[in-house]
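I have placed the structure first, in the form of structure tokens, so that the comments after it can refer back to it.
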Amino acid sequence: TGPLRDYAAPFLNADAKPLLAIVLIDKGVEAGGLDPSALAALPFPTTIAIDPMRADAAAAAESYRAAGAEVAILADDPPTGATPADFEVAYQSYVQALPQSVAVIGRPESALQRSSLSAQHVAALLAADGRGLITYDQGLNPGRRAAERAGVPHAAIERLFDQSQDNSG
């Protein structure tokens, strides 16, 4: 067992159709995002990433979990020169804020996407804890490589949509 198994949203794929996962980043109402009830009411399975340092992170996560969605930790980069102990302290505070989270995801430009050392530290924490890692399928992706070496379940985001893109057509 572990958080990934314990809190993953159940789903059936009886027809063995190709799978598509959707990860939404909830930036919070105060930052111009949608109300958690609107995101929780989506008619398809989602994983919703939440910044664990938001004041309402626990309440938002509880709302999503009650609606059957998965929650992921939207992790910020550690300070320059962070040690493994710094990663451990930050990670424990994230997990304390979002105990029913299934995975960690950084931002597209995060250290997980650029730094092998940061990726290795995070992968080691996830391997010990039982959570997965979500990265972006871009560049060398040291997060993916670190997750594979550490035996951490991993998913890569292949397409990123945001409000600044024209997604019509």
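The values are calculated or read from the model by the stated rules, or taken from the named source; none is laboratory data. What you are looking at is a predicted structure, and each value in this text was computed from that prediction instead of being measured. Every residue, glycine among them, receives a Cβ derived from its backbone with ideal geometry; neighbour counts consider all protein chains shown. What goes into the accessible areas is simple: the full protein's heavy atoms, side chains included, and nothing from ligands, DNA or RNA. Shrake-Rupley method; radii C 1.70, N 1.55, O 1.52, S 1.80 Å.
Please pick out the residue among 76, 162 that is modelled with pLDDT under 95, assigned to a loop (DSSP other than H, G, I, E, B) and within 13 Å of the chain's Cα centre (by Cα).
Exactly one residue qualifies, and that residue is 76.
Using the structure shown, decide if residue 157 is crowded, with 23+ Cβ neighbours inside 10 Å, in contact (Cβ under 8 Å) with a residue 40 or more places away in the chain and within 17 Å of residue 47 (Cβ to Cβ).
no
Could you tell me whether residue 41 is open to solvent by 70 Å² or more (accessible area, probe 1.4 Å), of a type outside the set (D, E, K, R) and within 24 Å of residue 77 (Cα to Cα)?
No, not satisfied.
If I filter region 128-141 down to residues being touching a strand residue (DSSP E or B) at 6+ places or on another chain (Cβ under 7 Å) and either of a type outside the set (D, E, K, R) or not in a loop (DSSP other than H, G, I, E, B) (or both), which single residue comes out as surrounded by the most Cβ atoms within 10 Å (Cβ to Cβ)?
Filtering region 128-141 for residues that are touching a strand residue (DSSP E or B) at 6+ places or on another chain (Cβ under 7 Å) and either of a type outside the set (D, E, K, R) or not in a loop (DSSP other than H, G, I, E, B) (or both), the one surrounded by the most Cβ atoms within 10 Å (Cβ to Cβ) comes out as 133.
State yes or no: is residue 144 modelled with pLDDT under 95 and surrounded by 15 or more Cβ atoms within 10 Å (Cβ to Cβ)?
It is true that residue 144 is modelled with pLDDT under 95 and surrounded by 15 or more Cβ atoms within 10 Å (Cβ to Cβ).
Kindly establish whether residue 95 is in contact with a strand residue (DSSP E or B) (Cβ under 7 Å, 6 or more places away or on another chain) and either in a helix (DSSP H, G or I) or not basic (Lys, Arg) (or both).
Judged against the criteria, residue 95 is not a match.
May I ask you to list the residues in region 1-30 that are small (Gly, Ala, Ser), at negative phi and open to solvent by 60 Å² or more (accessible area, probe 1.4 Å)?
Residues satisfying the conditions are 14, 21.
Restricting to region 1-52, what's the tally of residues that are polar (S, T, N, Q) and free of Cβ contacts under 8 Å to residues at least 60 places away in the same chain?
Number of matching residues: 3.
In region 79-96, which residue that is surrounded by fewer than 19 Cβ atoms within 10 Å (Cβ to Cβ) and at pLDDT 90 or above is farthest from residue 119 (Cα to Cα)?
Only one residue fits best here, namely 96.
Can you spot a residue in region 97-110 that is out of contact with any helix residue (DSSP H, G or I) (no Cβ under 9 Å at 6 or more places or on another chain) and either more than 19 Å from residue 125 (Cβ to Cβ) or in contact (Cβ under 8 Å) with a residue 60 or more places away in the chain (or both)?
yes
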